[in-house]
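Take a look at the structure set out below.
The values are calculated or read from the model by the stated rules, or taken from the named source; none is laboratory data. Source: prediction; values computed, not measured. Reconstructed Cβ throughout: ideal geometry from the backbone, glycine too, with neighbour counts over all protein chains shown. Surface areas here come from the heavy atoms of the whole protein model, side chains and all, with no ligands, DNA or RNA. Shrake-Rupley method; radii C 1.70, N 1.55, O 1.52, S 1.80 Å.
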Amino acid sequence: DVQLVESGGGSVQAGGSLRLSCVLSGYIHRRVCMSWFRQTPGKEREGVVSFDGIGRTEYADSVKGRFTISQDNAKHIMNLQMNSLKPEDTAMYYCAAAHFSTGCYQRRHVLGPEDMKYWGQGTQVTVS
């Protein structure tokens with residue numbers, strides 16, 4: 001019943017900006033950490049940014065200073081604001097969630113795909 005749905009992908013020129021959104025729906029009886037990942041064909045899925053569900057956000061070195069996340073008041077939507085986009089940012093972007101029981105809220109680095117339980121369908125970002 002739980003689902004994550006991403007939106008906002010598209011094609012932009014280098015140096016441009018794009019905002020992705022991830023909507024969490026369905027009943028979850030305990031709190032979760034949430035992350036954005038990205039993947040290109042033939043490559044491993046890599047973490048972009050993780051939010052511990054409390055107040056700490058960790059960004060991958062490759063996006064620090066350019067990407068930021070935010071939530072709406074109800075905390076049902078997580079946005080990824082991407083600025084100063086580079087061609088190497090081109091990828092399929094996914095949002096994902098992990099239960100607090102995994103200990104994700106105690107991490108001090110970007111979470112890995114193996115840490116996540118729920119995944120969105122992905123949204124394509126192309127930078128030229």
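Figures for the structure shown
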item	result
Dipole in debye (nearest 20) - the chain, about Cα centre, beta carbon charges: Lys, Arg +1; Asp, Glu -1	220 debye
Full-stretch length increase - S70, E114 - with 0.36 nm per residue and alpha-carbon distance subtracted	13.5 nm
Length added when fully stretched, I54-Q39, from 0.36 nm per residue minus Cα-Cα	2.8 nm
Largest-first ellipsoid semi-axes for the chain, taking √(5λ) over the Cα gyration tensor eigenvalues, angstrom	23, 15, 14
Taking the convex hull of Cα positions in segment 1-53, its mean projected area over all directions (nm²)	5.2 nm²
Residue among V2, A14, G103 farthest towards the positive dipole end of the chain, charges placed on Cβ	G103
Added length on full extension, which subtracts the Cα-Cα distance from 0.36 nm per residue, S62 to Q121	18.9 nm
Residue among P113, Q124, N83 farthest towards the positive dipole end of the chain, charges placed on Cβ	N83
Accessible area of the chain belonging to carbon and sulfur atoms, whole % at 1.4 Å probe	47 percent
Chymotrypsin sites (Phe, Trp or Tyr not before Pro) lying in DSSP loop within segment 7-91, provided at most 10 other Cβ fall within 10 Å	Y27
Heavy-atom accessible area per residue - segment 63-128, 1.4 Å, Å²	50 Å²
Sparse-neighbourhood loop sites, trypsin sites (Lys or Arg not before Pro) in segment 48-102 - DSSP loop, at most 13 other Cβ within 10 angstrom	R56, K64, K75
For the chain: relative contact order, % (alpha-carbon pairs under 8 angstrom, 6 or more apart)	37 percent
